[in-house]
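Take a look at the structure set out below.
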Amino acid sequence: MIEISHLSKEFGHFAAVRDLTFNVAPGEVLGFLGPNGAGKTTTMRMITGFIAPSSGSVSIYGHDIQADPIGAKRRLGYLPEGAPAYGDMTPARFLAFVADIRGLRGGQKKQRIEAMVSELELQSVWHRPIETLSKGFKRRVGLAQALIHDPQVLVLDEPTDGLDPNQKQQVRELIRRIAADKIILVSTHILEEVSAVCSRAMIIAAGRLVADGSPAQLQAQSRNHGAVVLQLPVQEGLQQQLAAIPGVGEVEADAAQPGRFRLIPETGKDILLAVSAHISGAGWQIAELRQEEGRLDDVFRALTSRAGEDLH
Ligand SMILES: Nc1ncnc2c1ncn2[C@@H]1O[C@H](COP(=O)(O)OP(=O)(O)O)[C@@H](O)[C@H]1O
Ligand SMILES: [Mg+2]
């Protein structure tokens, strides 16, 4: 597994990453979620040995990235932000070059390169300079470079950023396909991506870890988790009656649609039964009644804005 302990990075007086401690186990796809400038890229650069931490340590399957960089890097594949490559090389030359650096030789080198061509569908651009390729193909070349030595740990910095919706979908499918026995760290600022590909999500804001859990657990922290939305025939005093139902914390009236309300439960309460009972007791005809799962973006906004306030 990978073990990250008290990892910090300062640039001059500016603390970009503050005291991150966490472990990741095989099979986990861990999403690093955070607004721009949160410290995701800096953290990934330290995990992959691209820059040295100011303090703290990173261990990749028992190999310390500082004390034993080669041992650690053998097990790592890294797609840096923006998928940099040598633009004047073709994918054929670039991947042969990376395979050589990774120590692949002979039949094994040939077999791994062929696997990348088919896995990432690079056939049609195989002999074209990388700088002439579309963004989607450049990204696939970057992924091939990260995967060529079949690493146990894959670190992908915003792998879908700037791609069109179909290309985003392809990259997400690839991540899901290869996830089984690997450790994958993927950074993103797209919330839907976390539910789509990650088994675990960490929210980072202003260099600090502010949440860590499954996407469903994070969603459960939303103030809208368990909220009940309903549409009632318009009549006097509805809002007061709804607010009096046991367990209901807040009642939000929809300004655009009279008779439509969102009932926010008090923390930890399930209000669906009490609301249904009240409706049948009152004899109301309801046009709609549903319970919400909660929204990841509520949690994200609440946590990341709170962490930002700490700075002032
Ligand atoms: N080499 C550097 N020198 C000075 N500041 C840096 C450097 N690299 C990153 N930073 C700053 O550290 C903060 C975190 O950046 P980064 O890790 O790139 O965030 P993210 O990837 O979450 O957008 C930002 O405020 C950024 O400007
Ligand atoms: Mg970044």
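The values are calculated or read from the model by the stated rules, or taken from the named source; none is laboratory data. Keep in mind it's a predicted model, so treat the numbers as computed, not measured. Cβ coordinates were reconstructed from backbone atoms using ideal geometry, including for glycine residues, and neighbour counts include every protein chain displayed.
When you check Gly62 against the structure, is it more than 16 Å from ligand 1 (Cβ to nearest atom) and loosely packed, with under 15 Cβ neighbours inside 10 Å, yes or no? In short, yes.
Report yes if some residue within segment 79-101 is within 16 Å of ligand 1 (Cβ to nearest atom) and modelled with pLDDT of 95 or more; otherwise report no. Scanning segment 79-101, I find at least one residue that is within 16 Å of ligand 1 (Cβ to nearest atom) and modelled with pLDDT of 95 or more, so the answer is yes. Mind listing whichever residues of segment 116-138 are in a helix (DSSP H, G or I) and loosely packed, with under 12 Cβ neighbours inside 10 Å? Across segment 116-138, the qualifying residues are Ser118, Gln123, Ser124, Glu131. If you check Ala67, Ala72, Ala52, Ala38 for being without any contact (Cβ under 8 Å) to a residue 24 or more places away in the chain and closer than 18 Å to Arg18 by Cα, only one passes: Ala52. Residues in segment 160-172 that are within 19 Å of Pro35 (Cβ to Cβ), surrounded by fewer than 16 Cβ atoms within 10 Å (Cβ to Cβ) and polar (S, T, N, Q): none.
Output the qualifying pairs, or none if there are none: Cβ atoms under 8 angstrom, residues six or more apart or on different chains, first residue in segment 11-24 and more than 25 Å from His63 (Cα to Cα), second residue near ligand 1 (Cβ under 10 Å from one of its atoms). Listed by first residue and then by second, the contacts come to Ala15/Lys9; Ala15/Gly207.
Scanning segment 173-187 for residues that are surrounded by fewer than 16 Cβ atoms within 10 Å (Cβ to Cβ) and among the basic types (Lys, Arg) returns Arg176, Arg177.
For (1) away from ligand 1 (no atom under 16 Å from the Cβ); (2) not in a helix (DSSP H, G or I), each residue gets a yes or a no:
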site: Arg140; (1), (2): yes, no
site: Leu154; (1), (2): yes, yes
site: Asp161; (1), (2): no, yes
site: Asn166; (1), (2): yes, no
site: Ile175; (1), (2): yes, no
site: Asp181; (1), (2): yes, yes
site: Ile184; (1), (2): yes, yes
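Do you know which of the residues in segment 219-261 that are within 17 Å of Gln285 (Cα to Cα) and among the charged types (D, E, K, R) is surrounded by the fewest Cβ atoms within 10 Å (Cβ to Cβ)? Within segment 219-261, the match that is surrounded by the fewest Cβ atoms within 10 Å (Cβ to Cβ) is Glu236.
Would you mind stating whether Ser134 is polar (S, T, N, Q) and within 16 Å of ligand 1 (Cβ to nearest atom)? It is false that Ser134 is polar (S, T, N, Q) and within 16 Å of ligand 1 (Cβ to nearest atom). Any residue in segment 196-205 that is within 16 Å of ligand 1 (Cβ to nearest atom), surrounded by fewer than 20 Cβ atoms within 10 Å (Cβ to Cβ), outside any strand (DSSP E or B) and not hydroxyl-bearing (Ser, Thr, Tyr)? No, every residue in segment 196-205 fails to be within 16 Å of ligand 1 (Cβ to nearest atom), surrounded by fewer than 20 Cβ atoms within 10 Å (Cβ to Cβ), outside any strand (DSSP E or B) and not hydroxyl-bearing (Ser, Thr, Tyr).
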